[in-house]
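No value in this document is a laboratory result; all are computed from the given coordinates. Values in this document were obtained by computation on a predicted structure and should not be read as measured data. Glycine also receives a Cβ, built like all others from the backbone with ideal geometry; neighbour counts cover every protein chain displayed.
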Amino acid sequence: MTTDIDFNRIPRSALPGLLARAPKAELHMHIEGSLEPELIFALAERNGVKLPYASVEVLRQAYAFTDLQSFLDIYYAGASVLLHEQDFYDMAWAYFEKAARDNVVHTELFFDPQTHTVRGVPMGTVIEGLSRACADAQARLNVSASLILCFLRHLSEDDALATLEQALPYRQHFIGVGLDSSELGHPPSKFQRVFARAAELGLHLVAHAGEEGPPAYIEQALDLLRVERIDHGVRAVESPSLMVKLAQERVPLTVCPLSNVKLCVVRDLADHPLPKLLDAGLAVTINSDDPAYFGGYINDNLLALFNALPQWGPREAHQLLRNSLESSFAAERQRGRWMEALDAAFQAAVVPGH
C-alpha cells in the first residue's frame, strides 16, 4: 500500500466520484452474463431464435432468483441466441463500452464454451468472436482484455478435458482456465486432471469456490487444482485457518457483492463478510459477475458497497482497487503503471488542511 497518500484528507463525500473515475481491473465477469435483455431480443430476432419470454420486460421480471441454480436456468436460456461469430463480438463489445465508461483499464473475461458447443456452435466461432472484440477494445477504447476459458462443473471432467483439447488450436486467444456453474455437489477435486493438463500448457488457473460451497471447496481448489485465484471465496470467513492461509499467501479473492445478494449468499450488503476479509489482510477485489442479471456493473457494485458500509472510506477504496490491479495476470510493468495512475487519482482528491 502506498503510504504517502493522506487518506484522512480525502472527504468521504468525494468517494462516489473517485470510485467512478479511478482506474480498476475486473477479474470476475462472465461475458455471457453481460447479455442485457435488449441485446438478447435483438440477437434472437437476427438469428430467428424463439424465446420463452414475450418481451424484454417479461424477461427482466424473471430475474427473481432464489439461488444459483434458478439463475443458471435463465442464464443458459439467454445464451441460446448466440450462434455466430458476430453475436459473440457484439455481446463482448457491449460490455467493453460499459467497462470503458467505468474506467476499467484491464479485464479478464470468463467464457463458457460448453454452453455453446453443446448447441452445435463451433469452438472457433466462440473464441474468435470474443478475441476480435478484445483486440478492438484495446485499440479503440484503451481497455486491456484477456479471456479465461471456464469449465462447467455440473458436466463431467472428461467433457472438460475434451473441451480443453478442442480449444487448443485457439490457445493464443486465451490466458487461463476456470471452473464455474453449479457449485454444490461438484467439488474442485472432480477436476484435478484437467487442471493439471492446463498447468502443463502454461495456462493460468482460477476456480469458483466458497460461494454456495463450503470452505473445504476453497481448500481443494488451492491444494488439488493449484489455482492462483479464488473466484468468490466469501465462505472463507467460516474457517479461521483458511483465512490465515489466504492472507499469508496473498491469494486473491474475486468477490461479487451484488451477485451475492441477488443469489441469497448474503442477506444484504451491510451483512457482507467483505469487511472481515479485508481487515484480515486478504487480497479481495470487487467485480460484477453477471452484471446484466445481478443489477449492476463494476462501479455499481463499488458504489452500492460503500453506501452500505459507512465504516469504509478512501483507504479501503484505494486498497480494493489496488488489489484488483495487483491480482490481474497483466504484465508486471503494466500493472505498475496502472497503480501509479490509481495513486495519482487518490492524491488529486486530497483536500489540503481538511
Integer Hz, Karplus 6.51/-1.76/1.60 couplings in order for segment 57-63, x for Gly and Pro: 5, 5, 5, 4, 5, 6, 7
Those chymotrypsin sites (Phe, Trp or Tyr not before Pro) in segment 153-199 that DSSP places in a loop and that have at most 12 other beta carbons within 10 Å: none
Set of lysines with alpha-carbon distance to Lys98 below 28 Å, sequence-local pairs under 8 removed: Lys24, Lys50, Lys262
Modelled label reach - Val49, point 7 Å along Cα→Cβ, segment 161-203 residues with backbone N closer than 15 Å: none
All lysines inside 20 Å of Lys276 as judged from Cα atoms, apart from same-chain residues fewer than 8 positions distant: Lys245
Where labels lie 7 Å past Cα in the beta-carbon direction, separation of Ser189 and Gln311 in nm: 3.6 nm
Cut-off under 5 Å, modelled amide H: who pairs with Phe151 long-range: Gly178, Leu179, Asp180
Helix axis angle, 37-47 relative to the chain longest principal axis, alpha carbon, degrees: 30 degrees
Cβ charges +1 (Lys, Arg) and -1 (Asp, Glu), total dipole of the chain, debye: 640 debye
Net charge dipole size for segment 225-335 [Lys, Arg +1 and Asp, Glu -1 on Cβ; Debye, nearest 20]: 260 debye
Over the chain: helical MRE at 222 nm, DSSP H runs n ≥ 4 each giving -39500 (n - 2.57), nearest 500: -14000 deg cm²/dmol
Cleavage-rule hits (trypsin sites (Lys or Arg not before Pro)) in segment 254-346: DSSP loop, at most 11 neighbouring Cβ within 10 angstrom: Arg267
Most positive-pole-ward Cα, Ser189, Asn307, Ala54, against dipole of the chain from beta carbon charges: Asn307
Computed FRET value (nearest 0.05) for Arg197 with Arg119, which takes r as the C-beta separation and R₀ as 25 Å: 0.50
Length-normalised contact order of the chain in % [C-alpha pairs under 8 Å, at least 6 apart]: 23 percent
Exposure rule at most 16 other beta-carbon atoms within 10 Å, DSSP loop GluC sites (Glu not before Pro): the chain longest free segment: 1-227
Potential lengthening between Asp279 and Ala42 on full extension [0.36 nm per residue; Cα-Cα distance subtracted]: 80.8 nm
Under Karplus coefficients 6.51, -1.76 and 1.60, residue-wise ³J(HN,Hα) of segment 113-128 in Hz, glycine/proline x: x, 5, 4, 9, 5, 5, 8, x, 7, x, 3, x, 4, 5, 5, 5
Listed residue (Leu258, Gln166, Leu18) projecting farthest to the positive dipole end of the chain, Cβ model: Leu18
Amide H contacts of Glu211 (H built 1.01 Å from N, under 5 Å, at least 5 apart or other chain): Gly233
Placed amide H near Val284: partners under 5 Å, 5+ positions off or other chain: Leu253
Unit charges on C-beta of K, R, D, E only; dipole of segment 105-158, Debye: 180 debye
Inter-probe distance in nm under a simple model that places probes 7 Å from Cα toward Cβ, at Ala135 and Gln347: 3.7 nm
³J(HN,Hα), Karplus 6.51/-1.76/1.60, whole Hz, each residue of segment 339-351, x for Gly, Pro: 5, 5, 5, 5, 4, 5, 5, 6, 4, 5, 8, 5, 9
Rounded to 10°, Cα long-axis angle of helix 298-308 versus longest principal axis of the chain: 50 degrees
